[in-house]
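Accompanying notes for the structure given below.
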Amino acid sequence: MSRPVKVRFAPSPTGDLHVGNIRTALFDWAYARHTGGTFLFRIEDTDTTRVTDEYIKAAIDTLKWLGLDWDEGPEVGGDNGPYLQSQRFDIYTHWAHTFIEQKDAYYCYCTPQELEAVREAQRAANQAPGYNGHCRELSAEQIAEYKRQERGAVVRMRMPEGTTTFVDLIRGEMQFDHKFVPDFVLARADGSPLYTLAVAVDDVLMKVTHILRGEDLLSSTPRQIRVYQAMGLKEQEYPVFAHLPFVMGADNAKLSKRNGEVSIAWYRDKGFLPEAICNYLALLGWSPGDDRENVTMKELCELFTVEKVNSSPARFDMKKLEAINGDKIRALTIEDFLSWVLPFLIKAGVISGTPDEIELVKRALPIIQERIIMFSEVPAMLKFLFVQELTIESESLPKIKDADAKVILRRSLKELEPISEWTHTTIEAVLRTSLIDEMGLKPRVAFGAVRIATTGGAVSPPLFESMELLGKEASLARISAALAL
Ligand code: GLU
Ligand code: ZN
């Protein structure tokens, strides 16, 4: 009988979660949701020197922000907690001692210098580096002598001769010869657990059935399986593994800080939508089975299977993520768009958030919705609507100070003044007739000057709509002010 599916995401938050972590979390979540199973979230903070409370909080916030809700874990609790490994040290100590009693593990008294000397000798003899088993069968006298020397002792797992074989759902049958899996440390001399012990013990005690995680952890799998065995699990009780392909940067090296990987917090600050990030990351190594690029969270849950995950590395492509984000922004209702954009405008100091300002932003949104790929572009685009004193950007200044520009601006002012119904249609009609038809100017030149005078820059949302939003009085006042420059 198959067990109910339980998938876990188990980051070690030594920094903000990044693209690779989140791709893993997303696949874990999607697999749990697809199968109707449980999604468990565990914080692997055994390395207390590198994991901080701040990073833990940020990891929790990031998952929430992305909409990856969990059924067991921090904040929501569950029957298998606590879900922070730092609160489970006594559990790991218990198991380390049990393994010692069972003779699955032993105390190793080797000093770092001795271990280094072994590695040195192995290197010299062209052998695979690893622990040589020195303390496997120490005599009572040897142990007494080490204790007399006040040596610390780590707990080391005994790796029997042979091989470990398991079926990876993505890679097929995997085999590891124990010649290359030396006896490994479970707990440090001070009793604190290492990753392999904590992760394996927790996956068993928390009844995890599926481990979908990054390919970088593939080589730790035989060690984890060794811990399951020592805990008394039978092979059919082991969790099933699926190692996700690496995410590569544009330079074909594994994605890292150096070649483009940045934290999810960065994307959030830039104004990417969680749905867009999830949509894009879902396509890194997985495909819905056709070549569609727009996948909703709901579709992802419906369609996600591990069989459709590719075993070869996926390439991170910022342009594609931006395109998806732009598409999702265009699909927003104006109400939703407004609620996403307001915090960006307030943070940038463009508005303070009064009802009048919000009303004007709302009217302006339709003219920029087609034009942006992320929300952080909006403050610069709409700033001209909210400043009392318009500052013309320095590159554009010469373009409205010359004599030709003055002629254009003077004529525009004269023609615009009589307009009684100030709409983008009337503004456009008047300016086209006078500047293009009558004066014979090129639209780029004519409208360029008016644009700089009214919005302060050479790039702005559509000109006539911008002038309509700005209002007649302010538009004319700005043209006059430009004439005086
Ligand atoms: N805590 C580990 C890490 O962040 C991952 C544990 C696992 O998925 O097995 O690298
Ligand atoms: Zn030793």
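How would you rank L365, L409, going from fewest to most other Cβ atoms within 10 Å of each one's own Cβ? Display every interim value, and only then the final one.
Numbers: L365 19, L409 23.
Going from least to most buried by this count: L365, L409.
Could you give the size of the charge dipole of region 1-112 about its Cα centre, using +1 on the Cβ of each K and R and -1 on the Cβ of each D and E, expressed in debye and rounded to the nearest 20?
On the way: 11 positive and 16 negative charges, 78 e Å.
Magnitude of the dipole: close to 380 debye.
Among DSSP bridges having both ends in the chain, what percentage is antiparallel? Round to the nearest 5.
Working: 18 of 33 bridges.
The antiparallel proportion sits near 55 percent.
Could you calculate the FRET efficiency of E145 with R3 from 1/(1 + (r/R0)^6), where r is the beta carbon distance between them and R0 is 41 Å, rounded to 0.05? Could you put the intermediate results ahead of the total?
Numbers: r = 48 Å, r/R0 = 1.18.
For E145 and R3, the calculated efficiency is 0.25.
Just going by the charge dipole of the chain, with Lys and Arg at +1 and Asp and Glu at -1 on Cβ, which of G456, I358, C301 is farthest out on the positive end?
G456
Ordered by packing density, taken as the mean number of other Cβ atoms within 10 Å over each peptide's residues, highest first, how do 449-461, 37-49 rank?
Working: 449-461: 22.2, 37-49: 19.4.
The packing order, highest mean first, is 449-461, 37-49.
Post the alpha-carbon centroid distance, region 400-457 to region 192-252, in whole angstrom.
Cα centroid of region 400-457 versus Cα centroid of region 192-252: 68 Å apart.
Among V76, T48, F89, whose Cα sits farthest toward the positive end of the charge dipole of region 1-125 (+1 at Cβ of Lys/Arg, -1 at Cβ of Asp/Glu, about the Cα centre)?
V76
How big is the dipole moment of region 329-485 about its Cα centre under a simple scheme where the beta carbon of each Lys and Arg is +1, that of each Asp and Glu is -1, and everything else is neutral? Debye, nearest 20, please. Provide the component values of the computation, followed by the final result.
Details: 18 positive and 21 negative charges, 92 e Å.
Rounded to the nearest 20 debye, it is 440 debye.
Taking a threshold of 28 Å on the Cα-Cα distance, which of the pairs K64/K320; K6/K298; K362/K406; K57/K347; K57/K234 fall above it?
Numbers: K64/K320 24 Å; K6/K298 19 Å; K362/K406 33 Å; K57/K347 22 Å; K57/K234 37 Å.
K362/K406; K57/K234, as the Cα separations exceed 28 Å there.
Just need the relative contact order of region 205-248 here, percent rounded to a whole number, with Cα pairs under 8 Å and 6+ apart.
On the way: 33 pairs, mean separation 28.8, N = 44.
Computed over region 205-248, the figure is 65 percent.
Can you give the net charge of the other residues whose Cβ lies under 14 Å from the Cβ of L409, counting K and R as +1 and D and E as -1? Working shown, then result.
Working: positive: K399, K401, K406, R410, R411, K414, R451, R478; negative: D402, D404, E415, E417.
Net of charged neighbours comes to +4.
For E393 and A265, calculate 0.36 nm times their separation in residues minus their Cα-Cα distance, and state this gained length in nm to one decimal.
Details: separation 128, 0.36 × 128 = 46.08 nm, distance 3.05 nm.
The span from E393 to A265 would gain 43.0 nm if fully extended.
Assuming R0 = 41 Å, what is the FRET efficiency of A250 and K401, from their Cβ-Cβ distance, to the nearest 0.05? Mind showing how you got there, number by number?
Working: r = 42 Å, r/R0 = 1.03.
Efficiency, rounded to the nearest 0.05: 0.45.
Obtain the nm distance between the two label points defined at R119 and D327 by a simple spin-label model: each point lies 7 Å from its Cα along the Cα-to-C-beta direction.
Roughly 4.8 nm, to one decimal.
Just check region 290-337 against the gyration tensor rule for me: Cα atoms, a ≥ b ≥ c as the square roots of the eigenvalues, rounded for a/c under 1.5, and otherwise prolate or oblate depending on whether a/b exceeds b/c. Don't skip to the end; give the middle numbers.
On the way: a/c = 3.38, a/b = 1.56, b/c = 2.16.
Oblate, because a/c is 1.5 or more while a/b does not exceed b/c.
Estimate the FRET efficiency between E54 and W340 by the formula 1/(1 + (r/R0)^6), using the beta-carbon distance for r and 35 Å for R0, to the nearest 0.05. Intermediate results must be reported in sequence, preceding the final value.
Working: r = 25 Å, r/R0 = 0.72.
The pair E54/W340 has a calculated efficiency of 0.90.
Working out 0.36 nm times the residue gap between F386 and R258, then minus their Cα-Cα distance, what length gain in nm do you get to one decimal?
Between F386 and R258, full extension yields an extra 42.2 nm.
Given the options Q388, T433, I408, identify the residue whose Cα lies farthest towards the positive end of the charge dipole of region 358-439 (+1 on Cβ of Lys, Arg; -1 on Cβ of Asp, Glu).
Farthest towards the positive end: Q388.
Express in whole angstrom the spacing between the alpha-carbon centres of region 366-393 and region 72-120.
55 Å
How would you rank 173-183, 237-247, 351-361, highest first, on the average number of other Cβ atoms within 10 Å across their residues? It would help to have the intermediate numbers written out before the result.
Details: 173-183: 15.0, 237-247: 20.4, 351-361: 13.4.
Packing order, densest peptide first, comes out as 237-247, 173-183, 351-361.
Find the centroid of the Cα atoms in region 2-51 and in region 140-190, then give the distance between the two in whole Å.
Answer, in whole Å: 26.
Assign unit charges at the C-beta atoms only (+1 for Lys and Arg, -1 for Asp and Glu), then state the dipole size of the chain relative to its Cα centre in Debye, rounded to the nearest 20. The partial results should precede the final answer.
Details: 57 positive and 69 negative charges, 155 e Å.
Charge dipole, the chain, about its Cα centre: 740 debye, nearest 20.
Around A198, what is the net charge, scoring Lys/Arg as +1 and Asp/Glu as -1 over all other residues with Cβ under 11 Å from its Cβ? All intermediate terms of the calculation are to be shown ahead of the outcome.
Details: positive: R42, R88; negative: E44, D45, D47, D202, D203.
Around A198, the surrounding residues sum to -3.
Once you order the gyration tensor axes a ≥ b ≥ c over the Cα atoms, which shape class does region 51-119 get: rounded for a/c under 1.5, otherwise prolate or oblate by comparing a/b with b/c?
oblate
Only the coordinates and a few stated rules stand behind these numbers; no lab work does. All of these numbers come straight from a predicted model, not from anything done at the bench. Positions of Cβ are generated from backbone atoms using ideal geometry, with glycine treated the same way; all protein chains shown enter the neighbour counts.
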